[in-house]
């Protein structure tokens with residue numbers, strides 16, 4: 001991640017995939033709803049056809065924890081989602097460099113659809 005504001009999170013990742021990648025899918029959701037009670041997580045929302053290894057998720061709510069993950073799209077389908085990461089948006093009127101608050105958010109989308117299907121050769 002490079003920047004977090006009250007209503008957006010900018011992220012970047014390393015593909016790590018040996019297969020040619022057509023595009024990426026960025027998925028995100030609010031981590032918890034209604035005071036953080038377990039089991040009340042929001043549905044995943046996604047942005048498809050992301051062509052670069054960076055993207056800014058916009059239209060978020062201030063001072064809210066979001067869970068984000070990335071999938072690669074190849075000629076045979078979508079990869080398994082990357083490991084997700086939790087990020088809290090900034091308070092209204094503030095922004096911050098995400099490296100200080102969520103270091104290590106460099107996703108690796110390395111597992112292919114072939115691995116998901118447990119095939120050695122596709």
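Numbers at a glance
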quantity	calculated
The range 57-67, subset within 10 Å of the chain's Cα centre (by Cα) and modelled with pLDDT under 95, residue nearest to residue 14 (Cα to Cα)	67
Residue within the range 29-43 that is at positive phi and modelled with pLDDT of 90 or more present	no
Selected residue (only one of 100, 108 is under 24 Å from residue 14 (Cβ atoms), modelled with pLDDT under 90 and touching a strand residue (DSSP E or B) at 6+ places or on another chain (Cβ under 6 Å))	108
Set 72, 90: member being part of a loop (DSSP other than H, G, I, E, B) and either over 20 Å from residue 15 (Cβ atoms) or at pLDDT 90 or above (or both)	90
Per-region count, the range 3-21, residues under 20 Å from residue 87 (Cβ atoms) and part of a loop (DSSP other than H, G, I, E, B)	2
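The values are calculated or read from the model by the stated rules, or taken from the named source; none is laboratory data. Since this is a predicted model, take the numbers as computed values, not measurements. FYI the Cβ positions are ideal-geometry reconstructions off the backbone, even for glycines, and counts take in every protein chain you see.
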